[in-house]
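What follows is one structure encoded as structure tokens, with my remarks underneath.
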Amino acid sequence: MHLTAENLSARRGEDLLFRNVSFELGTGKALVVTGRNGSGKSTLLRVVAGLLRPETGTVRWSSKDAEVGTRACEACHYLGHRNAMKPELSVRENLLFWKRFFGDFEGGHGLSVGEAADAVGLGGIVHLPFGYLSAGQQRRMAFAKLMVSYRPVWLLDEPTAALDSAAESVLTDLIKDHLHGGGMIMAATHQPLGLDNPQELAMTGFAGLGEEAW
Amino acid sequence: MIALLLRDLKLSVRAGGGALIGVLFFTAVVAVVPFGVGPDLNLLSRIGPAIVWIGALLSALLGLDRMFQTDREDGSLDLMLMQEHPLALTVLMKCLAHWLGHGLPLVIASPLLGLFMNMEETAIGATMATLLVGTPALTFIGAVGAAVAVALPRGGLLVSILVLPLAIPVLIFGVSATYAAVEEPAPFLPPFLILVAITMFFAVLGPFGAALALRNADD
């Protein structure tokens, strides 16, 4: 299984935000995207997730039993800044909906809602409306959403925002488990996630392009 | 996909869902008309079907802008765009849920409002039947408008204005079918069947148009 990006560039307004970004992710590999605020980390993740159209370049998914025409984003979970959960519904309803809506990508199975909530250490509060949870608990539940259905690639945008150090280590363990199970991670983050030898991709933003971008 | 239908239905009846707001607005619009035109029962029963239809049209426009906006605000829309199932199918399910949550209550409330307007039983029945087949078209047309305006903050009024011209044929054939049911020489079936055709046409075109707009709504 490979996620390959070739010569990606993306535009924000008039200017190119980054240019010719290429990387390849293999089974069990992690890629950490670093850089200052506004350097294009989130934009790169959104391009890989298929939510922004790249100016140039392609993102491809290849595996031996992939159907022809599988878009790369279909193999990905995307955890953005927003949690994609409804405050009016209970946590269980939210997770159950996403489990059914996502379905499983070929090659794996998702956890049940209860198991996923236990995995992020919040098994006891799935009956509460999502809106009643604290910001950190909401973030952890959004993370549980990644586990209720199987996707080989996790795209994580600031996954540890609003988390205390205990929750952070729980998430790091979950990320490591995902990698050991043959998954892939691409994370934009300021904090070190405690991974062993991740590939690094430093984003430089507008400044790195030099004069010619203008 | 059924999961999406159930979730959206749950959301529309829970707090802030707005399913009841549409019915209340519908009731308010129709209920003030007798006070405005005076207690002329013949006049009321003559304009009744038109007033009920206009009220239903305006209430149907009311909740349209939230169709995709709430999902966009909390990031759910991003995840829906990434999935394997065709986006048009996802939109179709959201339309069905929206109609069940917002359109069907209007149909159910219409007989009561028909009584306010001193309408005969046949006219009430015909209004209900035309609303039943006509309001889904409003939802499907509205889905395109809601998808176009999804990236705009406060796009609510814009959606209504975008959608209104396309909704006019629905209104025309809905009202003329209702009048045809009461007034003798005109046949009921032709305008009614055209209304059904409009609904089926937009049931196909609407989800594809909305899906196209959502794909291109990236900021």
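Just so you know, all these numbers are worked out from the coordinates, no wet-lab data involved. Everything quoted here is computed from the prediction, not taken from an experiment. Positions of Cβ are generated from backbone atoms using ideal geometry, with glycine treated the same way; all protein chains shown enter the neighbour counts.
If the cut-off is a Cα-Cα distance under 27 Å, which lysines reach A:K86, setting aside same-chain residues fewer than 8 apart in sequence?
Excluding near neighbours in sequence, the set is A:K41, A:K99, A:K145, B:K10, B:K94.
Just to confirm the number: angle between the C-alpha axis of helix B:2-13 and the first principal axis of chain B, 0 to 90 degrees, nearest 10?
60 degrees
Counting other C-beta atoms within 10 Å, which of B:F116, B:F35, B:F201 has the fewest, and how do the rest follow?
Result, fewest neighbours first: B:F35, B:F201, B:F116.
Rounded to whole Hz and in sequence order, give me ³J(HN,Hα) for segment B:94-100 from the Karplus expression 6.51 cos²θ - 1.76 cosθ + 1.60, θ = phi - 60°, writing x for Gly and Pro.
Listing the rounded values in order: 5, 5, 4, 5, 5, 5, 4 Hz.
Nothing charged except the Cβ atoms of Lys and Arg (+1) and of Asp and Glu (-1): what's the magnitude of the dipole of the protein assembly as shown about its Cα centre? Round to the nearest 20 debye.
For the protein assembly as shown, the charge dipole is close to 200 debye.
Using the Cα centre of segment A:76-188 as the reference point, and only Cβ charges (+1 on K/R, -1 on D/E), how large is the resulting charge dipole? Debye, rounded to the nearest 20.
The calculated dipole for segment A:76-188 is roughly 260 debye.
Relative contact order for chain B using alpha-carbon pairs under 8 Å, separation at least 6, rounded to a whole percent?
27 percent
Using a 10 Å cut-off around each Cβ of peptide A:66-79, what is the average number of partner chain Cβ atoms that fall inside?
Averaged over the peptide's residues, the number is 2.
Provide the per-residue ³J(HN,Hα) series for segment B:23-33, in order, calculated from phi with Karplus coefficients 6.51, -1.76, 1.60 and θ = phi - 60°, each as a whole number of Hz, with x at glycine and proline positions.
The phi angles translate into 5, 5, 5, 4, 4, 4, 4, 6, 5, 7, 4 Hz.
Using Cα-Cα distances under 8 Å and only pairs 6 or more residues apart, what relative contact order does segment A:2-209 have, in percent?
31 percent
Just tell me the longest site-free run in chain A, where the sites are GluC sites (Glu not before Pro) in a DSSP loop having at most 13 other beta-carbon atoms within 10 Å.
Here the longest run is A:107-214.
Quick check on the exposure proxy: order A:S22, A:S39 from fewest to most C-beta atoms within 10 angstrom.
Final ranking by Cβ density, sparse to dense: A:S22, A:S39.
Can you list residues from other chains, or at least 5 along the same chain, whose modelled amide H is less than 5 Å from the amide H of A:F18?
Those lying under 5 Å, H to H, from A:F18 are A:A10.
With point charges of +1 on the Cβ of Lys and Arg and -1 on the Cβ of Asp and Glu, referenced to the Cα centre of the protein assembly as shown, which listed residue (A:G103, B:G156, A:A188) lies farthest in the positive direction of the dipole?
B:G156
So, in Å, what gap is there between the alpha-carbon centers of segment A:1-44 and segment A:109-132?
Going from one Cα centre to the other spans 32 Å.
Counting partner chain Cβ atoms within 10 Å of every residue's Cβ in B:76-88, what's the average?
Partner Cβ neighbours, averaged per residue: 6.
Where does each of A:190-197, A:56-63 land if you order them by average Cβ count within 10 Å, highest first?
A:56-63, A:190-197
For B:I2 and B:L189, what is the calculated FRET efficiency with R₀ set at 45 Å and r taken between the beta-carbons, to the nearest 0.05?
Taking R0 as 45 Å, the efficiency between B:I2 and B:L189 is 0.85.
Enumerate by residue number the GluC sites (Glu not before Pro) in segment B:120-212 meeting two conditions: DSSP loop (anything except H, G, I, E, B), and at most 16 other Cβ atoms within 10 Å of the site's Cβ.
Sites meeting the loop and neighbour criteria: B:E120, B:E183.
If r is the Cβ-Cβ distance from B:L115 to A:H190 and R0 is 60 Å, what FRET efficiency results, to the nearest 0.05?
0.40
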